[in-house]
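The values are calculated or read from the model by the stated rules, or taken from the named source; none is laboratory data. This one's a predicted model, so the numbers in the text were calculated from it and none came from an experiment. Quick reminder, even Gly has a Cβ in these numbers, built from the backbone with ideal geometry, and neighbours come from all protein chains shown. Ligands, DNA and RNA are stripped out before the accessible areas are found, and what is left, the full protein with its side chains, is counted by its heavy atoms. Shrake-Rupley method; radii C 1.70, N 1.55, O 1.52, S 1.80 Å.
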Amino acid sequence: MAFRICMAHAIRDTMRRASASVLEPIMAVEIEIPSEFQGAVTASLSRRMGMIQSSDMNDDGSGLKVEVQVPLANMFGYSTELRSLTQGKGEFTMEYFQHSPVPRNVQEELMDKYKMEREAGEAA
């Protein structure tokens, strides 16, 4: 019993000193759209906290290829939004890129939510 208590205190102390943070998956997204929709698509990616890596025009100037990194949690529902922004002409591919720390405000919200759920579970 004493060993368990000692271990629990050691882990808590280590986590406080390590400044642990919550990680989220970042996706590499490649979007192909007609060039007339560039502004709308770029704005929608910015709203989803996307970081544009490159934006290249096709040889004939009719289309655009945008490469962006976006958190996975912000990509849900994007296919519908892209179709509506580009009148069904845009398409995208997405693959895993890396894990990155979530913004501090999101981490605090997750911690508060966890604490509330934990307290509700203990009260029940």
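Just to verify a result, which residue in the range 74-124, among those that are among the charged types (D, E, K, R) and touching a residue at least 24 places away in the same chain (Cβ under 8 Å), is nearest to Ser19 (Cα to Cα)?
Filtering first and then ranking leaves Glu95.
Is one or more of the residues making up the range 38-45 assigned to a strand (DSSP E or B), closer than 25 Å to Pro103 by Cβ and either polar (S, T, N, Q) or out of contact with any Lys or Arg (no Cβ under 6 Å at 6 or more places or on another chain) (or both)?
no
Could you say which residue among Glu117, Glu95, Glu122, Glu108 is within 30 Å of Thr42 (Cα to Cα) and part of a helix (DSSP H, G or I)?
Matching residue, one of Glu117, Glu95, Glu122, Glu108: Glu108.
Under the condition of being part of a helix (DSSP H, G or I) and under 25 Å from the mean Cα position of the chain (by Cα), which residue from the range 17-37 is nearest to Thr86 (Cα to Cα)?
Filtering the range 17-37 for residues that are part of a helix (DSSP H, G or I) and under 25 Å from the mean Cα position of the chain (by Cα), the one nearest to Thr86 (Cα to Cα) comes out as Phe37.
Taking Ile5 and the conditions (1) in contact with a Gly (Cβ under 9 Å, 6 or more places away or on another chain); (2) over 15 Å from Phe92 (Cα atoms); (3) not hydroxyl-bearing (Ser, Thr, Tyr), which numbered condition does it fall short on, given that it satisfies the others?
(1)
If you take the residues of the range 1-57 that are of a type in the set (S, T, N, Q) and open to solvent by less than 40 Å² (accessible area, probe 1.4 Å), which of them is farthest from Val70 (Cα to Cα)?
In this case the residue turns out to be Ser35.
Which of the residues belonging to the range 58-105 are more than 25 Å from Ser35 (Cβ to Cβ), open to solvent by less than 90 Å² (accessible area, probe 1.4 Å) and touching a strand residue (DSSP E or B) at 6+ places or on another chain (Cβ under 8 Å)?
Scanning the range 58-105 gives Pro71, Leu72, Ala73, Gln98, Ser100, Pro101, Val102.
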